[in-house]
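Here's the structure, in structure tokens; my notes come after.
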Amino acid sequence: GCIVIGEGVTVSGKFVVPGRAVINGSLDGDLQADEILVGAQGKLVGNIKVRKADVFGEIHDTLMASEHLIIRSTGRVNGNATYGEIEIERGGLVQGAIVPAKGAVAVPAVLKQADISNVDIKLASRAD
């Protein structure tokens, strides 16, 4: 089963979704799903546990993406994020701790010189 929370809709509680959760509105509470897509207008506050996460909107509190986490250019993660693999597009923001999941294999990144200009990581503890 899947769940879609539309733009302008606000829900709260504890949700267990065996398939995909699409959040274009607001969810306040705990969510466990196989996969989550947070739309540009989507906002989640709570503990999120998924296999794959694709974030265009906002997640506040705790996010655990055991396999893959993508934070798009409009995406914001405010809190702690645990991931198997991570991608952060230029403009994407993480404020909090980002930690590889236990069992995740650390693979050294190989970047071409041209790729380095596309990396944009902002740390909340650093004064600008």
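The values are calculated or read from the model by the stated rules, or taken from the named source; none is laboratory data. These figures come from a predicted structure and were not determined experimentally. Quick reminder, even Gly has a Cβ in these numbers, built from the backbone with ideal geometry, and neighbours come from all protein chains shown. Protein only, heavy atoms only, side chains kept; ligands, DNA and RNA dropped before computing areas. Shrake-Rupley method; radii C 1.70, N 1.55, O 1.52, S 1.80 Å.
Below is a table of values for the structure above.
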quantity	calculated
Two-site FRET efficiency, Gln41 against Val16, from Cβ-Cβ distance with R₀ of 25 Å, rounded to 0.05	0.60
Shape metrics for the range 1-61, restricted to C-alpha atoms - Rg then Dmax, Å	9.7, 26
Carbon + sulfur, % of accessible area of the range 1-92 - ligands and nucleic acids excluded, 1.4 Å	47
With DNA, RNA and ligands ignored, accessible area of Glu67 (1.4 Å probe; Å², nearest 10)	80
R0 of 25 Å, Cβ-Cβ distance Asp28-Cys2: FRET efficiency to nearest 0.05	0.80
Gain in span if fully extended, Val9 to Lys102, counting 0.36 nm per residue against the direct Cα distance	30.0 nm
Residues with amide H under 5 Å from that of Asp30, placed H, sequence gap 5 or more	Gly13, Lys14, Phe15, Asn47
